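Enquirer: Take this structure first; my questions come after.
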Amino acid sequence: MEQNRGNFGSRLASILVAAGSAVGLGNIWRFPYELGRNGGSAFLIIYIMCVVFFGVPLMISEFAVGRHAQSNTARAFGMMGGSRYWRWVGFLGVLTGSLILCYYAVAAGWTVEYLFLAGVDGFAGKTPEQFTTDFNSFVSDPVQPIVCMIVFMLLTLFVILAGVEKGIERGSKLMMPMLFIFIVLLAVGSSMLPNGEQGLEFLFSPDLSKVTRSTLLSAMGQAFYSLSLSMGCLATYASYFRREDRLVSNAMNVAWIDLLVAVLASVIIFPAAFSVGVEPGVGPSLVFITLPNVFQQVFAGSPLLCYAFSLMFYLLLVLAALTSAMGLLEVPTIFMKEEFHIRRRWSAIGVTVFAIVVGMACSLSMGLWSGFKIAGMNLFDTFDFFTAKIMLPVGGFFAALYVGWFCDEPTLRGEVTNEGTTAVRFYPIYRFLIRYIAPLAILAIFLNQFGLI
Ligand code: PHE
């Protein structure tokens, strides 16, 4: 394998880059709407269980596989021992990540439009109903969202072409802390809105009677999606980790940062939704309708503050989407480079063009082509459903089988514990979770969904 693949410069950098990939639209856009659709607090509890019982163990596993292999994901899965056929787990990851990129780019394009609107003070004086109709007419427009998506993809391409240290590392180190500060400030502001307590209650008072089959599947899909599991991204990034980086603590840090941002985003969204009378279960439009409302209301007395905050927040939302999309683009890029010997630049451009073309179809499915449905869903929702709720868990199931049962155990232990120097006491717990709990939990949720148990 090629020697000088690039490395992240410090432990903090490794954590921030992995957290940069994890924290994105999945936390701020997808988590709240899935939570809203699935009954609120009950979803939150199940989600946390998914993160603990198989999210973190799978993340540690992907880190171990990736750092050990020092290569792209597809090759990595065969390199810890076992049959060569395990490489297919890696291929599946690359495929899933590439498909996610296509519709992720569409939603990220919406954030670009909202950044633009914030910049020209386009939210001023609008009512909640206007925000709803404006959003719906924007996403169903045949041209505008596509232009925004292309702008976003070109930005992502630009960072990826800048390379591992200069692009990915520097970008994440700058953007992640800023995003965090803004989210905390807004969460405080939003929870003080009139009727805000209703939103907090929806979020935090558990009502397990609301748990249905689809709650379980949705929470599992969301955990995979949000933690960037099973799409080769973490394994690819781990191949740029240094030998002294501690995989277990890195994984735990990424997981809690990711969870915290998702919860804080919900603390922003739900009080605001209840305050302006938006249904919590409206779906993907939730964030785009409630957020501008939050700004209008929290800063009602001061138009300048309102302007500044909206602008900063959408800027950071675009940046959060960007640090995640970088991960999604990097995986197929380095895969094509190392497997087919295509130059980095050309493989990145090729993947970008693919994402834009397929993304156009996803975008049009919200308007012009909305009549075309697969199992009752438009193309955008179909992509989301198949990737997050089917392909990711299937990939995770096989990754757990590989790491738990078929790879070379001493090599795995050496990698996870840095040759016995760290996390030694945690290792047996991890091993138990990845061997038994992770595969069984994923299988049980699937069987349950299809009514078999
Ligand atoms: N985890 C990202 C998010 O929450 C999405 C993503 C998945 C990014 C996979 C990179 C790789 O938005």
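Enquirer: What FRET efficiency comes out for the pair Val357/Leu443, r = Cβ-Cβ distance, R0 = 45 Å, nearest 0.05?
Expert: Given R0 = 45 Å and the Cβ-Cβ separation, E is 0.80.
Enquirer: Name the chymotrypsin sites (Phe, Trp or Tyr not before Pro) in segment 360-453 that are in a loop by DSSP and that have at most 12 other C-beta atoms within 10 Å, would you? Could the numbers behind the result be given before it?
Expert: On the way: sites: Trp369, Phe372, Phe380, Phe383, Phe385, Phe386, Phe397, Phe398, Tyr402, Trp405, Phe406, Phe426, Tyr430, Phe432, Tyr436, Phe446, Phe450; in loops: Trp369, Phe372, Phe426, Phe450.
Here the sparse-neighbourhood loop sites are Phe372, Phe450.
Enquirer: Any idea how far apart Ser302 and Val424 come out in nm if each label point goes 7 Å out from Cα toward Cβ?
Expert: 5.5 nm
Enquirer: Let me ask something else. What is the spin-label model distance, in nm, from Trp256 to Thr133 if the labels are put 7 Å beyond Cα along the C-beta direction?
Expert: Result: 4.8 nm between the two label points.
Enquirer: Could you please report the charge total around Arg213, scoring K, R as +1 and D, E as -1 over all other residues with beta-carbon less than 14 angstrom from its beta-carbon?
Expert: Surrounding charge for Arg213 is +3.
Enquirer: Taking the Cβ of Tyr33 as the centre, find all other residues whose Cβ is under 13 Å away and add up their charges (Lys, Arg: +1; Asp, Glu: -1). Don't jump to the answer; show the numbers that get you there.
Expert: Working: positive: Arg30, Arg37; negative: Glu34, Glu279, Asp381, Asp384.
Around Tyr33, the surrounding residues sum to -2.
Enquirer: Given R₀ = 45 Å, what would the calculated FRET efficiency be for Met178 paired with Phe406, taking r from the Cβ atoms and rounding to 0.05?
Expert: According to the calculation, E is roughly 0.60.
Enquirer: Using helices alone, I'd like the mean residue ellipticity at 222 nm for the chain: each DSSP H run of four-plus residues gives -39500 (n - 2.57), total over residue count, nearest 500.
Expert: -22000 deg cm²/dmol
Enquirer: Right, next: Quickly work out the Arg84-to-Tyr436 label distance, labels modelled 7 Å from Cα along the C-beta direction, and quote it in nm with one decimal.
Expert: Taking the two extended label points, one gets 3.6 nm.
Enquirer: Taking the alpha-carbon centroid of each part, what is the distance from segment 349-381 to segment 279-345 in angstrom?
Expert: Centre-to-centre (Cα) distance: 19 Å.
Enquirer: The chain: longest stretch without exposed trypsin sites (Lys or Arg not before Pro) (DSSP loop, at most 10 other Cβ within 10 Å), sites themselves excluded?
Expert: That would be 1-242.
Enquirer: Which number gives the lysine pairs in the chain that have C-alpha atoms under 30 Å apart and are eight or more places apart or on different chains?
Expert: Details: Lys166/Lys337; Lys173/Lys337; Lys210/Lys373; Lys210/Lys389; Lys337/Lys389; Lys373/Lys389.
Lysine pairs meeting the criterion: 6.
Enquirer: The chain: D in µm²/s via Stokes-Einstein (Kirkwood Rh, Cα pairs, 37 °C, 0.692 mPa s)?
Expert: Answer, rounded: 150 µm²/s.
Enquirer: Provide the net charge surrounding Gln144, with neighbours chosen by a C-beta distance below 12 Å and charges set as Lys +1, Arg +1, Asp -1, Glu -1.
Expert: -3
The numbers here are math on the coordinates, done by the rules we state, and not lab data. The shown structure was predicted, so the numbers you read here are calculated from the model rather than taken from an experiment. All Cβ positions, even for glycine, are placed from backbone atoms using ideal geometry, and neighbour counts span all protein chains on display.
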